[in-house]
1. Could you list all residues from segment 102-133 that are within 46 Å of the chain's Cα centre (by Cα), exposed (fewer than 15 other Cβ atoms within 10 Å of the Cβ), assigned to a strand (DSSP E or B) and in contact (Cβ under 8 Å) with a residue 60 or more places away in the chain?
2. Starting from residues that are assigned to a strand (DSSP E or B) and either small (Gly, Ala, Ser) or surrounded by fewer than 10 Cβ atoms within 10 Å (Cβ to Cβ) (or both), keep the ones in segment 86-101 and report whichever is modelled with the highest pLDDT.
3. Can you tell me how many residues within segment 291-320 are part of a loop (DSSP other than H, G, I, E, B), open to solvent by 50 Å² or more (accessible area, probe 1.4 Å) and touching a residue at least 60 places away in the same chain (Cβ under 8 Å)?
4. Of the conditions (1) in contact (Cβ under 8 Å) with a residue 24 or more places away in the chain; (2) among the β-branched types (Val, Ile, Thr); (3) open to solvent by 50 Å² or more (accessible area, probe 1.4 Å), Thr323 fails just one. Which one is it?
5. Within segment 70-82, is there a residue that is exposed (fewer than 15 other Cβ atoms within 10 Å of the Cβ), more than 53 Å from the chain's Cα centre (by Cα) and without any contact (Cβ under 8 Å) to a residue 24 or more places away in the chain?
6. Can you pull out every residue in segment 164-196 that is closer than 16 Å to Glu224 by Cβ, without any contact (Cβ under 8 Å) to a residue 60 or more places away in the chain and in a strand (DSSP E or B)?
7. Take the residues of segment 530-544 that are in contact with a helix residue (DSSP H, G or I) (Cβ under 6 Å, 6 or more places away or on another chain) and outside any loop (DSSP other than H, G, I, E, B): which is most open to solvent (accessible area, probe 1.4 Å)?
8. Suppose we filter segment 495-529 for residues that are under 23 Å from Asp584 (Cα atoms) and not in a loop (DSSP other than H, G, I, E, B); how many remain?
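The values are calculated or read from the model by the stated rules, or taken from the named source; none is laboratory data. Here the structure is a predicted model, which means the values were calculated and not measured. All Cβ positions, even for glycine, are placed from backbone atoms using ideal geometry, and neighbour counts span all protein chains on display. For accessibility, only protein heavy atoms count, side chains too; no ligands or nucleic acids. Shrake-Rupley method; radii C 1.70, N 1.55, O 1.52, S 1.80 Å.
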Amino acid sequence: MVVRSRLYPTNPLLLTLLTLLALILWTPLATADEVTAALDKTTVAENEIVKLTVRANFSDTGSGPDFSALKRDFDVLSKSQNSQFSFNLGTNQALSFWVVSLKPKSVGTFEIPPIPVGDQESEPLFLEVRPARQMTDPNGNPLVMLRFKTDELQPYVQQQVILTLELYSAATLQNAKLTTPNHPNLLLERLSDDQIRYEEINGTSYQVLTREYVAFPQRSGTLELINQSVEGTLNTGSGRRLVSVKSTPITLDVLPIPASYGNTNWLPTDAVAVKSQLTTTLTDPRVGDTLNWNISLTAQGVLGEQLPTLSFDSTRAYKLYPTSPVFDSSKSSAGIMGRQSIDIEVVPTQAGELTLPPVTVTYWDPTERAIKTVTANTNTLEVAPLPNSIPQSDSSAPETEPAEVNTPESTAPTQSSQSVAPISLTKTKPPVPSIADPNEPAPMEVVIDTPESQSSWIVWLALGLIGIGAIGLIGAILIYKRKQIDSASNSVPTLQEFAPLTSNSEDAAFQQLLTSCRTNDLGRLRPCLLEWARHRWGDSTIRGVEDIKRLANNPRLTQLLMEAELVMYSNSAAHSWDGQALGDVLVEYATGQSKPSQASQLKTLYPNF
């Protein structure tokens, strides 16, 4: 049997419908999840705002795009989000949009990194930022200028540096925001209030705002201060315009402490003044009296706490009782002026001329780059000895004569009788002898004892006893005062009595010291440092941090201790102390083994060591 097939002609309309249906059904399967990013401009001027749009064609976007990578080169001004949903022949599609307004931080070509959204991310983009055309006046001069200056490009560590910002404006600048210089290795303080002056440059009159800072670099090496900027709004003929002007940066080459300076207190300054004066309120000071010795130090360009703490020892001729020094710092157009005042009570123990030792201060002159010394001598005073006795009564004073009764001769020959003359306490001349008349009776002699003559020896005895008692009392008072002075000098508590050790060994104290360094605990650094030093060198040797610097004889350790002291006494609370470097140097000093990395760093920072 033969079977024959029959072919039917194809319907073109039906074929077209089937093709369209297949395409519609295939479209959702062919569309993949995708994130795209686009910029509204690829080239902008400085300070111009650009918009970045990120689009995702899927619904599972998680927490949205991550724009954190943009903050390195751009200021993110604003963000907005929009979502769309579409339905087509039973299918749906979600579209999400994010629009970000960006402001470039500087001039150059920048990459917009891939922006992640969910499990997808966009392709990178590139943006070119060109310098903005500066706004000028009819003379062709810029309307706004910013200058950043320093008085010293090669300062020594901890030397004063004055930084100055000068803002020139030829038009009214509103809502101006001026940046502040900053660096982690720089202690910075405002020097004075803003100063306003007027200056004409190339035919244009500018209002100049001057803002000054005083800074102290804390580490040697290169110190980069980035360019400063000012932003504000200018009123121009075409309306209000946003302006942003930047200054040039400053690079400081900070020099280390010279090796020739030694381990004395580091003091970089151009001028030091020392005054020393010994005063007293007594007219004639004696042995055992208390005198006042005042020492005043003044230095330009340093804080009061940077001035060295002076100490003097008692001698056989006097004993010294110092009080705590008083520090003070003042600001002027020339910078910081540091002052220190020390009052010392002086008790002379020997009679004669009292001569105190000269006051000497060593400092480093950054201008001449040389060690200098200033010395002040103290005036002398004459000290009288202790009185051995009280003044005696004047032996030349007239004494009371016993009363005499004189019987003068009768001068009247006609007088038939004689009377007894009155008693007189004054001496009279003896009568002229005359020839006695044998018929005349002999004159009668009368002797009278007055009460004064009877009690005169009692008065003198009483005066003598009073004098002896006064001498004994004065001697007892002087002996008691001498014992008090001696006991006061001998009863000064020792360091062990005043602050007993809290650790049992040098190793335990050293671990406490390292802990304070590693945890950057500046408040615990000084007591832990003294605790370890007393274990290592003994209580009789250690009186302060200066003794540790002298005994350690390590320039790097000395510098780090001075840096820590400067941060400790600074009024600025915005800077924290990093004790890691000090901890490393202490370990090297205690073990005698240097770390390779630290050694290379010291070689870089201190080429003279």
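1. Within segment 102-133, Arg130 is the sole residue that qualifies.
2. At the first step, the residues of segment 86-101 found to be assigned to a strand (DSSP E or B) are 86-88, 91-101.
Next cut, either small (Gly, Ala, Ser) or surrounded by fewer than 10 Cβ atoms within 10 Å (Cβ to Cβ) (or both) only: 86-87, 94, 96, 101.
Numbers: Ser86: 68, Phe87: 63, Ala94: 77, Ser96: 86, Ser101: 91.
If we take residues in segment 86-101 being assigned to a strand (DSSP E or B) and either small (Gly, Ala, Ser) or surrounded by fewer than 10 Cβ atoms within 10 Å (Cβ to Cβ) (or both), then Ser101 is modelled with the highest pLDDT.
3. Count: 3.
4. For Thr323, the failing item is (1).
5. There is at least one residue in segment 70-82 that is exposed (fewer than 15 other Cβ atoms within 10 Å of the Cβ), more than 53 Å from the chain's Cα centre (by Cα) and without any contact (Cβ under 8 Å) to a residue 24 or more places away in the chain.
6. Leu186
7. Step by step, filter segment 530-544, then rank; the result is Arg536.
8. Counting residues in segment 495-529 that are under 23 Å from Asp584 (Cα atoms) and not in a loop (DSSP other than H, G, I, E, B) gives 21.
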